[in-house]
Amino acid sequence: MNLATFMEKITLVTHNKGKIAEANELAKRFDIEFVMSETSKKLEIQAENLSDVSEFAARNAFVVERGPLLIEDSGLFVKSLNGFPGVYSAQAFAQIGNAGILKLMEETKDRDAYFECALSFFDGKTMKTFVERVSGSIIFEEKGRYGFGYDPIFSPEGYNGKSFGEVQIAGKNGISHRSKAFEAFCKWYLDEKR
Ligand code: IMP
């Protein structure tokens with residue numbers, strides 16, 4: 001009898017190695033592996049919410065991939081900045097970075113913020129999107145060497161000021177917006193296959 005476990009491989013359209021690493025760490029226990037697509041690019045539209053961005057990008061990537069795929073869009077939403085950088089998170093990170101966000105908030109007492117992740121699955125027929133958040137606050141200086149993007153300035157609720165940049169993947173995956181969205185996807189996907 002062959003007792004080998006077969007990993008289900010699903011294409012994840014991203015060029016961000018941090019996202020793939022987080023998703024795969026989480027998906028191990030579902031015997032799912034996400035494989036980074038090297039053929040398609042994520043085409044980002046300007047929209048008011050992350051799900052519109054990820055669903056458009058998923059339909060677009062399907063034209064190239066011609067098979068089931070996942071694509072995700074995430075962002076950091078800061079209350080005192082009226083939700084900025086939000087849907088503009090990638091552009092804002094490239095242009096002003098963490099230092100720029102801290103500068104914008106220099107005089108601000110209200111530090112509330114959240115990360116949101118919109119994860120879309122598309123196979124040419126079914127479009128299914130999972131949206132999840134993690135709440136926390138923007139700290140006053142960059143801390144930590146793990147993670148990517150805004151991780152060094154974001155402290156999730158209950159972390160006592162410790163940033164996402166100070167915890168390794170397994171720690172971040174315990175509570176993050178991305179891990180919750182990928183977990184919901186894995187459960188839905190395995191259920192659909194039954
Ligand atoms: P996108 O989803 O790849 O468009 O990411 C938007 C921006 O938010 C990028 O600059 C990412 O680095 C940043 N970002 C997305 N997810 C996270 C996260 O989990 N931690 C920190 N920054 C993130």
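Answer yes if at least one residue in the stretch 135-154 is surrounded by fewer than 18 Cβ atoms within 10 Å (Cβ to Cβ) and in contact with a strand residue (DSSP E or B) (Cβ under 6 Å, 6 or more places away or on another chain), and no otherwise. Checking the stretch 135-154: at least one residue is surrounded by fewer than 18 Cβ atoms within 10 Å (Cβ to Cβ) and in contact with a strand residue (DSSP E or B) (Cβ under 6 Å, 6 or more places away or on another chain).
Among residues of the stretch 147-168 that are acidic (Asp, Glu), those with a beta-carbon under 9 Å from a residue that is within 8 Å of the ligand (Cβ to nearest atom) at least six positions away or on a different chain give the pairs Asp151/Gly18; Asp151/Phe164; Asp151/Lys172; Glu166/Gly147; Glu166/Asp151. Lys193 meets each of the listed conditions (1) among the basic types (Lys, Arg); (2) at pLDDT below 95; (3) crowded, with 18+ Cβ neighbours inside 10 Å apart from (3).
For the stretch 151-182, what are the residues that are outside any loop (DSSP other than H, G, I, E, B) and over 12 Å from the mean Cα position of the chain (by Cα)? Write out each step before concluding.
The first filter runs over the stretch 151-182 and keeps only residues outside any loop (DSSP other than H, G, I, E, B), leaving 151-156, 164-166, 169-173, 177-182.
Answer for the stretch 151-182, where residues must be outside any loop (DSSP other than H, G, I, E, B) and over 12 Å from the mean Cα position of the chain (by Cα): Pro152, Ile153, Phe154, Ser155, Pro156, Phe164, Gly165, Glu166, Ile169, Ala170, Gly171.
Please report, ordered by residue number, the helices (runs of 4 or more DSSP H) entirely within the stretch 3-115 with at least 1 residues that are aromatic (Phe, Trp, Tyr) and open to solvent by less than 70 Å² (accessible area, probe 1.4 Å). Walk me through how you get there before you give the answer.
Values: elements: 17-27, 50-65, 89-95, 97-104.
Here the list reads 50-65.
Within the stretch 116-149, the set of residues being assigned to a loop (DSSP other than H, G, I, E, B), of a type outside the set (Gly, Ala, Ser), closer than 18 Å to Lys42 by Cβ and within 16 Å of the ligand (Cβ to nearest atom) comprises Phe148 only.
The values are calculated or read from the model by the stated rules, or taken from the named source; none is laboratory data. Only a predicted model underlies this, so the values are computations on that prediction, with no experimental measurement involved. Counting neighbours? That spans all protein chains shown, and the Cβs are built from the backbone with ideal geometry, glycine included. Calculation scope for accessible area: heavy atoms of the full protein, side chains included, ligands and nucleic acids excluded. Shrake-Rupley method; radii C 1.70, N 1.55, O 1.52, S 1.80 Å.
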